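Visitor: Shown below is the structure under consideration.
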Amino acid sequence: MNEDENTLKKNGQGGAAVLTKPEAAGKRKQVFSEVMLSVRDLYVSFRTFGGEVQALRGVSFDLYKGETLAIVGESGCGKSVTANTIMGLIPEPAGRIKNGSVLFKGKDLTKLDKSKMRKVQGVDISMIFQDPMTALNPTLKIGEQLTEGLRTHQKVSIGEARKKAIKLLEVVGIPNPEERMKQYPHQFSGGMRQRIVIAIALICEPELLIADEPTTALDVTIQAQILELFEEIQERTGVSIILITHDLGVVAKIADRIAVMYAGKVIEIGTKREVFYTPQHPYTKGLLASVPRLDLKEEELQPIEGTPPDLFAPPIGCPFTARCPFAMEVCDRIYPGTTDISVTHAVDCWLQDERAKKLFD
Amino acid sequence: MAIYIVKRFFMMIATILIIATLTFFLMHSVPGSPFDEERTSNPTIQANLEKFYKLDQPTHVQYFDYLKSIATFDFGPSIKKPNETVNTLLARGFPISFELGMVTILVAVISGITLGTLAALRHNGIIDYSAMAFAVIGISVPNFVLATVLIQQFAVNWNLLPPATWSSRMHMILPTLALATGPTAIIARLTRSSMLEVLTQDYIKMARAKGLSPVRIVLRHALRNALMPVVTIMGTMLAGILTGTFVIEKIFAIPGMGKYFVESINNRDYPVIMGSTVFYSAFLVFMLFLVDIVYGFIDPRIKLHRKEGDA
Ligand SMILES: Nc1ncnc2c1ncn2[C@@H]1O[C@H](COP(=O)(O)OP(=O)(O)O)[C@@H](O)[C@H]1O
Ligand code: SF4
Ligand SMILES: [Mg+2]
């Protein structure tokens, strides 16, 4: 793995060598040995006029080098808060990390002060936002928006920075990049803007890319193109990706592993295969059943009935109890522990708990 | 760009023409004449005077004479000040009023934007609350009241600053303060609210995600966007300050255009009224034009010209 890091570093020097393909990159996808990011028991709350919103209530997961982890779940389950916490973008003082850690290559990001965190932001970890129409500053030329991160973090001349930016625009598929550098965001279409946002995220060659619903605001055809771009970038650079989405179609396309979130918790995590074909949590099953399929008619679609619990006063037991067709007495009272289904597959549900299983037998 | 400027130029001419016309007919519809106060005047002298100033002519003839005077920038002699022409009055008074107005605008823009930005950055903090308390007072206290209070305190009670006239830098402080406080407060409030709004935008979050310094984020990313509403109100604010100078000049005995203007209205000094009104409106219309140009520079989405194709 050291070798790969060297390749990344090497790329940092010359503008021409941007995102060249290290030989091992293709293989790395299968290796997944090195943990890049480790989120442990994260609790995040927001103080609001209505009280305290417990947005994250003990989120844990690992991210391996070179993989794409998809985080899925209904709106409001805490996907964006997870991303923002990793990125150090929780709005203070309303938002607060109450517990837990975000270990990036062994370093706890939640313990860093702001100026140290700024050396991670955009350098080691980059973020891609949902709406490309609002993510770019309307009053600055895209050339400046591309190069400013690089110029902040590395000692490069304007000329070098521009050269690298132009190369990157080419990589993400913007025609006439040299001309385009001088233009403003309103002169680009939505899809083009998202490509620019991706280029901005890549400019310092980060090791982790967090994309928060990067295709939700785009047309279906453009969505597919952007997803392909992600795959291409990962293949070239071996970057790890956290992809947040509520679109299981997107997940099916590019994820290696999937974490399913519900009411501020990760309730199931596993490889794509495991989660898609042998889902263990009733919520995951419901989610998969509600995906429109080509072979089913629209009426046969089964969305999960009910709504997620109120995060001002989340239930002590399993938060899915009120909507769960298999809910038991114990579900309402005690939160189920995490049960390992396989080395890679884990679920928080009483149905899978050894003790409950005994009961049924 | 060139086409835009030419278009705007003709619109400016049209605007000035409309203002001139309105002024002319409003003025003539107000009862009284420049010679009302001259008790001793006998009918013959009065008739001769009216003839000299062409007041005996039919209204439409006077109107066209007046338009001609505008076109040639020669507004004719003053009726009440026999040795002066409107042009000499303007040449003497306007630079002083202009100075007062410009210093005021400068002070208001700089302190208003600074105050508003700090308040937004320290949202709900002590700076925010004090700045907004100041703004409420600044907006609600009329400048002539503030002027008297300032004179009373700084000049009379504490003897720190000169109470009146316009003869040195020190003399400029109180009138500028009196005139600038209201606009400062308005700009501060507007900057604050628009800054608060801008700071929640995705592109600011994105700038933070790039690891940029807070200073760069505020100055380069937020401020420019936050200032757009401020630029929009600059036009009306300029007009307000311009008319405000008249009042303040009167209070501080500043020999600007305000004094002549007020006098001319009281005396029905027609050429001075019309000349200064047209001059001031031309000035204002030109300033509005400048504001639009500035706006185009700040916001690249405003197209002053049709050129680029969307991709
Ligand atoms: N800045 C904030 N202030 C208050 N509540 C917030 C804030 N950000 C997120 N939340 C709350 O946290 C919960 C999770 O939100 P989020 O992570 O944005 O959901 P999603 O999974 O749709 O991205 C929601 O209940 C939301 O209302
Ligand atoms: S723990 Fe109980 S309520 Fe929760 S998902 Fe499992 S069975 Fe349903
Ligand atoms: Mg979200």
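Visitor: Considering each residue of region A:61-78, count those that are acidic (Asp, Glu) and more than 9 Å from ligand 1 (Cβ to nearest atom), and give that number.
Guide: Count: 2.
Visitor: Follow-up. Within the bounds of region A:89-96, is there any residue that is in contact (Cβ under 8 Å) with a residue 40 or more places away in the chain, surrounded by fewer than 17 Cβ atoms within 10 Å (Cβ to Cβ), away from chain B (no Cβ under 14 Å) and within 16 Å of ligand 1 (Cβ to nearest atom)?
Guide: Yes, there is a match, as at least one residue in region A:89-96 is in contact (Cβ under 8 Å) with a residue 40 or more places away in the chain, surrounded by fewer than 17 Cβ atoms within 10 Å (Cβ to Cβ), away from chain B (no Cβ under 14 Å) and within 16 Å of ligand 1 (Cβ to nearest atom).
Visitor: Filter the helices (runs of 4 or more DSSP H) completely within region B:1-102 down to those with at least 2 residues that are among the basic types (Lys, Arg).
Guide: Per the criteria, B:2-29.
Visitor: Out of all the residues in region A:190-207, is one or more surrounded by 18 or more Cβ atoms within 10 Å (Cβ to Cβ), polar (S, T, N, Q), within 9 Å of chain B (Cβ to nearest Cβ) and within 29 Å of B:Tyr295 (Cα to Cα)?
Guide: no
Visitor: Might you check whether a residue that is within 28 Å of B:Met287 (Cα to Cα), among the small types (Gly, Ala, Ser) and surrounded by fewer than 12 Cβ atoms within 10 Å (Cβ to Cβ) occurs anywhere in region B:31-49?
Guide: No, every residue in region B:31-49 fails to be within 28 Å of B:Met287 (Cα to Cα), among the small types (Gly, Ala, Ser) and surrounded by fewer than 12 Cβ atoms within 10 Å (Cβ to Cβ).
Visitor: Among the residues of region A:127-163, what is the count of those that are within 16 Å of A:Arg195 (Cα to Cα) and more than 7 Å from chain B (Cβ to nearest Cβ)?
Guide: Final tally of qualifying residues: 11.
Visitor: Considering only region B:220-230, I want to know if a residue exists there that is more than 30 Å from A:His186 (Cα to Cα) and more than 23 Å from the chain's Cα centre (by Cα).
Guide: No: region B:220-230 contains no residue that is more than 30 Å from A:His186 (Cα to Cα) and more than 23 Å from the chain's Cα centre (by Cα).
Visitor: May I pose another question? Might you let me know whether region A:167-188 holds any residue that is among the basic types (Lys, Arg), more than 13 Å from chain B (Cβ to nearest Cβ) and under 28 Å from A:Ser115 (Cα atoms)?
Guide: Within region A:167-188, none of the residues are among the basic types (Lys, Arg), more than 13 Å from chain B (Cβ to nearest Cβ) and under 28 Å from A:Ser115 (Cα atoms).
Visitor: How about region A:77-166: which helices (runs of 4 or more DSSP H) wholly inside it have at least 1 residues that are of a type in the set (Lys, Arg)?
Guide: Those helices (runs of 4 or more DSSP H) span A:79-87, A:114-118, A:142-153.
Visitor: Now, a different point. Filter region B:199-237 for residues that are away from every other protein chain (no Cβ under 13 Å) and surrounded by 19 or more Cβ atoms within 10 Å (Cβ to Cβ) and give the result. Show your work before the answer.
Guide: First pass over region B:199-237, keeping only residues away from every other protein chain (no Cβ under 13 Å): B:229-230, B:232-237.
Result: B:Val230, B:Met234, B:Met237.
Visitor: If you don't mind, another one. Can you name the condition, by its number, that A:Gly100 falls short on among (1) more than 16 Å from A:Tyr262 (Cα to Cα); (2) more than 14 Å from ligand 3 (Cβ to nearest atom); (3) buried (at least 21 other Cβ atoms within 10 Å of the Cβ)?
Guide: Among (1) more than 16 Å from A:Tyr262 (Cα to Cα); (2) more than 14 Å from ligand 3 (Cβ to nearest atom); (3) buried (at least 21 other Cβ atoms within 10 Å of the Cβ), the lone unmet condition for A:Gly100 is (3).
Visitor: Quick check on my filter: what residues within region B:244-253 are crowded, with 24+ Cβ neighbours inside 10 Å and either more than 18 Å from B:Thr181 (Cβ to Cβ) or of a type in the set (A, V, I, L, M) (or both)?
Guide: B:Ile248
We did not get these values from a lab; they are worked out from the coordinates using the rules stated. Small disclaimer: the values here were computed from a predicted structure and weren't measured. Every residue, glycine as well, gets a Cβ built from its backbone with ideal geometry; the counts of neighbours run over all protein chains shown.
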